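Q: Just passing along the structure, written as structure tokens.
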Amino acid sequence: MLRCKILSWQPAGLLHTCSRLLAADKDLLLKLRKRTGYSFTNCKKALDKFSNDVKQAEVWLHEQAQKEGWSKANKLQGRKTAEGLIGLLHKGNTAVMVEVNCETDFVARNVKFQQLVQQVAASTLKHCQSTERSASSYLKGFLAGEDFLQMNTEESSLKDLLAMTIGKLGENMIMKRAAWVTVPSSMIIGSYMHGSLPADSASLANMAFGKYGSLVICQPNDNCKSNVTELGRRLGQHVVGMSPLTLGSLEDESAGDTETRMLAQPFLLEPSLTVGQYLEPHDVQVLDFVRFECGEETQTTQSNQS
């Protein structure tokens, strides 16, 4: 008996159209995933919901992330946040240091947490740059707690970004504090970060992360021939290591209370000299400093005036 094999038939044009549609769907999925960072499953769900309209899908994904993030943030609120990072951002004549806390060191090393620290620092820098400046003197300011909740990034508020990061990483977090310094062209800002972590993303290359950080405001005299940038870094290292509370003066050496006054302390890198003595041949003055230690107890107001 003759057996005939029946083949299904589809117009060639229809096959090509289907393959083009599948390729287009994949491109949209990849595009949405790259733009938002959300999972492929959620991106596909969003595209299906809005008939491949990428803009509507992106808005919906952000709304869902905010809802889930705030729900998780409310549940975790009150849990101890003893770990975290100091972030340092230095741009031109302005530098900022921020502290953001989480529950574990494991999360502190996560790139998403570091991106949150970066956004807090960038928002603090923007706030500082909007402040009226002095042409002849430096300015220093501090922010804490509620101050951050009023700030915005390019894409959302810091408040929402915090909630979304909590939702993604599953730990309680707080934006604890920030310090900013801006100086005229006659001064420099020395900076130092102890226990620095390598940036896991190219987008974080402008940041320094660690557990201890410092900023030191220096004013070179007219005869200064020293490498002031390196000198500022060494002074920052002293501030981190010796924990001065006030700047003090050279006269403090005879007062007997030298432990907490920076200029009268033995210089960390040359203990045979005080900081003041070390500075004399360099023709550089230290005007002020800021020191952050991750997890330390802080006061509402801070001052380094003697």
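Readers should treat all values here as calculations from the given coordinates under stated rules, not as data from a laboratory. Quantities reported herein were computed from a predicted structural model and do not represent experimental measurements. Positions of Cβ are generated from backbone atoms using ideal geometry, with glycine treated the same way; all protein chains shown enter the neighbour counts.
Q: Please arrange E132, E293, E230 by counting, for each residue, the other beta carbons lying within 10 Å of its beta carbon, fewest first. Could the numbers behind the result be given before it?
A: Numbers: E132 5, E293 16, E230 10.
Fewest to most other Cβ atoms nearby, the residues stand as E132, E230, E293.
Q: Can you pull the Kirkwood radius for region 83-293, inverse mean 1/r over Cα pairs, to one decimal in Å?
A: 17.9
Q: Then there is this: Straight distance only, please: which lysines reach the Cα of K211 with their own Cα at less than 18 Å, same-chain residues fewer than 8 apart left out?
A: Within the straight-line limit of under 18 Å, K211 reaches these lysines: K80, K112, K176.
Q: I would also like to ask the following. Under 8 Å for C-alpha pairs, at least 6 residues apart: give me the relative contact order for region 83-293, rounded to a whole percent.
A: Averaging sequence separation for qualifying contacts and normalising by length gives 21 percent for region 83-293.
Q: If the convex hull of the alpha-carbon atoms of region 103-157 is projected onto planes in all directions, what is the mean projected area in square nanometres? Walk me through the intermediate numbers first.
A: Values: hull surface 20.6 nm².
Taking a quarter of the hull surface, the average projection is 5.1 nm².
Q: Can I ask one more? Relative to the compact globular guide of 2.2 N^0.38 Å, what is the alpha carbon radius of gyration of region 31-161, as a ratio?
A: On the way: Rg = 17.8 Å, N = 131, 2.2 N^0.38 = 14.0 Å.
Taking the Cα Rg and dividing by 2.2 N^0.38 Å, one obtains 1.27.
Q: I'd like the Karplus ³J(HN,Hα) series for region 48-54: coefficients 6.51, -1.76, 1.60, θ = phi - 60°, whole numbers in Hz, and an x wherever there's a Gly or Pro.
A: Using θ = phi - 60°, the values come out as 5, 5, 10, 6, 6, 7, 5 Hz.
Q: To continue, here is another question. ³J(HN,Hα) across region 81-87 via Karplus (A = 6.51, B = -1.76, C = 1.60, θ = phi - 60°), whole Hz, x for Gly/Pro?
A: The phi angles translate into 10, 9, 10, x, 9, 8, x Hz.
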